[in-house]
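Remarks on the structure that follows.
The values are calculated or read from the model by the stated rules, or taken from the named source; none is laboratory data. The model shown is predicted, which means the values in this text are computed figures rather than measured ones. As a convention, Cβ positions derive from the backbone with ideal geometry for all residues, glycine included, and neighbour counts pool all protein chains shown.
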Amino acid sequence: MINLDKLYKQLKKKYGSPKGQWLLWCKRPKTEKEREEVIIEAILTQRANWNNVRLAFGNLKREKMDRLKGIYQKGEKKLAPLIRPSGFYKTKANYLFYLAQFILKNYGGINEMKKEKLQDLREKLLKLKGIGLETADSILLYGLDKPIFVIDEYTRRFVKKHKLAKNLSYHFLQKLFEGEIKRDFRLYQDFHALIVIDGKAR
């Protein structure tokens, strides 16, 4: 079996540090504002291409709704038309509103949320409407620097291409990556981003 560390080094050599859409998501350290942007984009990017996510986020910025507090205070009706470019905008407005409410009511903000234990926080996120495994783990890894590996369609294709496993379930692949490479959020961020970059380059 090909070693995952070796595959990571090959990707790093080929592409360098993650660029483009990943510049912010892989930035270290992030400000509280940048963390909130990543968390908002993690919802907007569901079934959407990145250009449309950026258009939607640009609309939020223009209306000063690019922070969780603004989303929560101004509400779903104001939010929905602004995020229209990302598709499923009414649904996503609902998801974003309740996510903002959850964070602000339970923690008061991102910095306090970040202090909670990974598994406890993951369980709470997964109970929220519209947040599945991939979105929850993206928020945890890229928004909060928690060491959890994100599994998406690009990861599955990468695993198939390199014949790393036959079982492509989320849980199995997450354990595979986390068991084989060093437990470090920086490595997880860069490796996952490079897998997506490589997948899109094909």
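Brief remarks follow.
- Residues within region 14-60 that are assigned to a helix (DSSP H, G or I), closer than 21 Å to T91 by Cβ and either more than 14 Å from the chain's Cα centre (by Cα) or among the hydroxyl-bearing types (S, T, Y) (or both), tallied: 9
- Note on region 106-128: residues that are outside any loop (DSSP other than H, G, I, E, B) and in contact (Cβ under 8 Å) with a residue 60 or more places away in the chain amount to 2.
- Looking only at residues of region 181-202 that are among the aromatic types (F, W, Y) and over 14 Å from K14 (Cα atoms), we find that the one that is surrounded by the fewest Cβ atoms within 10 Å (Cβ to Cβ) is F185.
- Residue match in region 133-155 (condition: over 16 Å from the mean Cα position of the chain (by Cα) and among the β-branched types (V, I, T)): no
So that you can scan it fast, the table gives a plain yes or no per residue for (1) basic (K, R); (2) crowded, with 19+ Cβ neighbours inside 10 Å; (3) at pLDDT 95 or above:
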residue	(1), (2), (3)
K14	yes, no, yes
W25	no, yes, yes
E41	no, yes, yes
T45	no, yes, yes
A80	no, no, yes
L118	no, no, yes
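- Assessment of region 167-176 against the conditions (on the phi < 0 side of the Ramachandran plot, among the polar types (S, T, N, Q) and surrounded by 14 or more Cβ atoms within 10 Å (Cβ to Cβ)) yields at least one matching residue.
- Hey, V159 more than 20 Å from G20 (Cα to Cα) and surrounded by 15 or more Cβ atoms within 10 Å (Cβ to Cβ) or not: yes
- Residue in region 15-28 that is in contact with a Pro (Cβ under 6 Å, 6 or more places away or on another chain) and touching a residue at least 40 places away in the same chain (Cβ under 8 Å) present: yes
- Answer from E34, E63 - the residue that is touching a Lys or Arg at 6+ places or on another chain (Cβ under 7 Å), surrounded by fewer than 19 Cβ atoms within 10 Å (Cβ to Cβ) and at pLDDT 95 or above: E34
- When residues of region 164-181 are limited to those that are free of Cβ contacts under 8 Å to residues at least 24 places away in the same chain and part of a loop (DSSP other than H, G, I, E, B), the one nearest to A100 (Cα to Cα): S169
- None of I131, I151, I103 is among the β-branched types (V, I, T), in the same structural domain as E37 (by TED's automatic domain parsing), at pLDDT 95 or above and not in a helix (DSSP H, G or I) except I131.
- Test: residue in region 25-43 that is out of contact with any helix residue (DSSP H, G or I) (no Cβ under 8 Å at 6 or more places or on another chain) and either over 24 Å from Q189 (Cβ atoms) or among the polar types (S, T, N, Q) (or both): yes
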